[in-house]
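Encoded as structure tokens, the structure appears first; notes follow it.
The values are calculated or read from the model by the stated rules, or taken from the named source; none is laboratory data. The structure displayed is predicted, hence computed values, not measured ones. Cβ: placed from backbone, ideal geometry, glycine included. Neighbour counts: every protein chain shown.
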């Protein structure tokens with residue numbers, strides 16, 4: 001059966017398109033044509049709702065806009081009275097720019113853009129972001145190659161082949177990696193203190209995630225504690241483009257030191273470990289919400305703030321602002337999601353090792369979750385509220401092992417996979433130079449440490 005489109009729909013779309021600027025017409029017509037078919041146009045023509053001129057107009061556009069395989073032949077650019085230098089030209093994308101606009105600025109017709117859009121990666125050129133750049137290589141008035149720089153280290157190349165077609169492929173450049181060390185003293189919060197030391201949000205979030213399963217950075221860091229961080233900086237043409245991974249860090253808490261090093265094993269899997277090779281990526285978060293303080297701890301005797309009776313409080317209450325996101329503390333399956341007296345809006349999650357976690361007094365749930373839904377550790381499952389028996393916004397968090405309540409703050413959490421025994425020597429050789437530089441060892445410079453590290457990874 002032929003696919004028929006609505007006459008009213010087609011006629012209204014045509015009127016709208018013909019009354020818009022040319023550059024906007026292109027994308028609108030392409031979308032309309034892709035939703036139509038030649039049979040549909042023939043149907044409209046037979047019914048005499050469109051003139052022969054309009055039919056020819058649409059059929060011409062259909063052949064120009066249809067995305068065809070990369071091997072389809074297309075004609076050379078027509079000769080233009082424009083003087084091009086045989087060199088690379090850089091064009092920056094401004095707000096509301098389209099590929100057609102950018103090529104028109106240097107004298108190319110619309111057909112050049114259409115030919116690029118027909119290539120294998122042409123879809124990537126439909127929506128281009130302001131601030132990104134195009135590099136163009138022009139020879140004898142013909143566009144020989146165009147590069148769309150998606151990121152500082154990734155671009156998509158559109159290169160003309162011997163058949164006068166555009167081949168397209170993605171290219172990833174390796175950045176010039178340098179290493180930077182930063183130390184700071186905690187004055188208030190980790191993020192505020194880190195900001196004063198000129199660490200950006202990305203690095204501070206990395207740091208928080210690295211130690212998140214070891215200590216509660218919101219609760220256990222105090223004024224006077226010291227943080228040392230060694231991290232990557234990515235450069236291109238001697239210009240810094242971005243920060244990379246934290247490769248070593250240490251927290252000094254009242255003369256107690258906590259270390260973390262990034263290590264990539266022989267299988268290419270990366271993770272963070274302490275100096276003994278134990279994984280820091282435990283399978284449970286210590287606290288599943290960004291809280292301001294613990295309003296009520298785990299105890300066998302507590303006077304209930306509403307009922308006034310003495311009863312056990314086998315949970316930790318994390319005070320937080322209304323609608324603060326609450327995260328699943330580990331991978332698991334939701335066994336209950338709904339309302340219970342006392343708990344209010346509550347979620348129960350079953351995990352491995354016969355562990356169940358409970359999240360109560362929520363204001364509301366994440367909309368797509370229900371009983372039986374699988375969640376990953378760190379997924380947002382709900383938002384802080386004060387439903388049920390609560391006097392203020394907070395998260396009531398329980399941690400149960402074999403059905404027995406444990407203190408969420410002090411319970412020993414299951415760890416991730418440690419460095420394998422047959423890789424420990426490689427691991428120790430990897431960590432020694434990083435730790436030496438991180439702890440101000442005068443016998444190591446940053447260059448020596450990083451060179452030693454790369455030589456180890458290369459040799460093994």
Contact list please: Cβ distance under 6 Å, first residue in the stretch 307-321 and more than 14 Å from residue 384 (Cβ to Cβ), second residue at pLDDT below 80 and assigned to a strand (DSSP E or B), pairs at least six apart or on different chains.
310/301; 310/303; 312/300; 313/302
I'd like to check something: does the stretch 240-258 contain any residue that is in contact with a helix residue (DSSP H, G or I) (Cβ under 8 Å, 6 or more places away or on another chain), in a loop (DSSP other than H, G, I, E, B) and touching a residue at least 60 places away in the same chain (Cβ under 8 Å)?
no
What strands (runs of 3 or more DSSP E), lying completely within the stretch 333-436, carry at least 3 residues that are surrounded by 16 or more Cβ atoms within 10 Å (Cβ to Cβ) and without any contact (Cβ under 8 Å) to a residue 40 or more places away in the chain?
344-350, 355-365
Suppose we keep only residues that are touching a helix residue (DSSP H, G or I) at 6+ places or on another chain (Cβ under 6 Å) and free of Cβ contacts under 8 Å to residues at least 60 places away in the same chain within the stretch 94-112. Which one would you say is surrounded by the most Cβ atoms within 10 Å (Cβ to Cβ)?
99
Of 156, 142, the only residue that is out of contact with any strand residue (DSSP E or B) (no Cβ under 6 Å at 6 or more places or on another chain), modelled with pLDDT under 90, surrounded by 13 or more Cβ atoms within 10 Å (Cβ to Cβ) and under 18 Å from residue 114 (Cα atoms) is 142
Screening 199, 217 for residues that are without any contact (Cβ under 8 Å) to a residue 60 or more places away in the chain, under 19 Å from residue 274 (Cα atoms), buried (at least 20 other Cβ atoms within 10 Å of the Cβ) and within 24 Å of the chain's Cα centre (by Cα) leaves only 217
